[in-house]
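Working notes, beginning with the structure itself.
Nothing in this text is a laboratory measurement; each read-out follows from the coordinates by a stated rule. All of these numbers come straight from a predicted model, not from anything done at the bench. Reconstructed Cβ throughout: ideal geometry from the backbone, glycine too, with neighbour counts over all protein chains shown.
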Amino acid sequence: MGTKKKEIGKGIRALLANIEAESTTKASDHIESDTGSTTEVEISAIEANPFQPRTEFDEEKLDELSESISTFGVIQPITLRKLNNKRYQIISGERRWRASQLAGLQRIPAYIREADDQGMLEMALLENIQRADLNPLEVAISYQRLIDECDLTHEELSGRLGKKRSSISNHLRVLKLSPMTQKALKTRHISMGHAKVLAGIEKIEDEVSILNQILEEGLSVRATEHLLSRNIKEKSTARQANTPIHPEVKKYSDQLSDLLGSKVNILRQENGKGSIKINFNSDNEFNDLMDILLK
């Protein structure tokens, strides 16, 4: 599937592209043919979307939006699906609907769409993913729901969202993080960059240990990468130090140390791979070693 930046795959803009924007007009409670149009709907006739991926709403931001709606009205209509002649269900725009209730509005401008549960779920998830205020964990959960419940592959999801497949994969990896790390990501105490680094740690106890250092010391993503790299190196050295040295390897190590006049460590793995480490304490010692080795 080709992906163009100027298109948003089959995202919400594409899904709503056929809706004709008509001037907002007041309508009676009993709208006979309002599907596909823009109209005003009684707020009391609307119910929340059970497929809404957002589970929490920032009360402070909701109050701010309510004040804006009180002053300027609802600028962007919400999108509804018709349940029957008197009831509607939100496809997208639940924050505007909630804020409008706080503002005391009786009616709200809305697009009316026909959608089955499957189509509604996909539209709601795609629309919400495009929003800038979702935290990375909510985005990851929405990605996983689209894959599981809408039977989409990573490639198909990439096409619908106009996002790189690697970006989708990185988000999905955060779902494997420990609950403590997920909470820190959800509350934005760590960034998606931190989460990507932590997702590469195999053991949960190591992951939580690094997380605590990030939170306590305010580590940047780069600093976290260096910390993880240093920890891995230290553990590798410790494992090697605790590994019994084969007598033959020890003999060659001692012989090389005597020959070069410097401490030599031969590190050999069980599969036969390894390295020879030669220590020196000054530039003069280094130059002496080079003279010996090059001869």
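Data table
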{"quantity": "Debye, to nearest 20: dipole size of region 179-238, +1 on Lys, Arg Cβ, -1 on Asp, Glu Cβ", "calculated": "220 debye"}
{"quantity": "Relative contact order (%) - region 132-237, alpha-carbon pairs under 8 angstrom, separation at least six", "calculated": "23 percent"}
{"quantity": "Relative packing of 282-288, 177-183, 87-93, which averages over residues the other C-beta atoms within 10 Å, highest first", "calculated": "87-93, 177-183, 282-288"}
{"quantity": "Flagged links, alpha-carbon separation over 27 Å, of 186/233; 163/186; 82/176; 233/273", "calculated": "186/233; 82/176"}
{"quantity": "Column: log10 I(q)/I(0), Debye, Cα scatterers of region 65-119, q = 0.29 Å⁻¹", "calculated": "-1.15"}
{"quantity": "Residue-span extension gain [residue 178 to residue 144] - 0.36 nm each, minus C-alpha spacing", "calculated": "10.5 nm"}
{"quantity": "Expected-Rg normalisation [2.2 N^0.38 Å, Cα atoms] applied to region 132-237", "calculated": "1.15"}
{"quantity": "Share of alpha-carbon pairs per 5 Å distance bin for region 66-188, given as whole %", "calculated": "2, 10, 17, 18, 16, 15, 11, 8, 3, 0"}
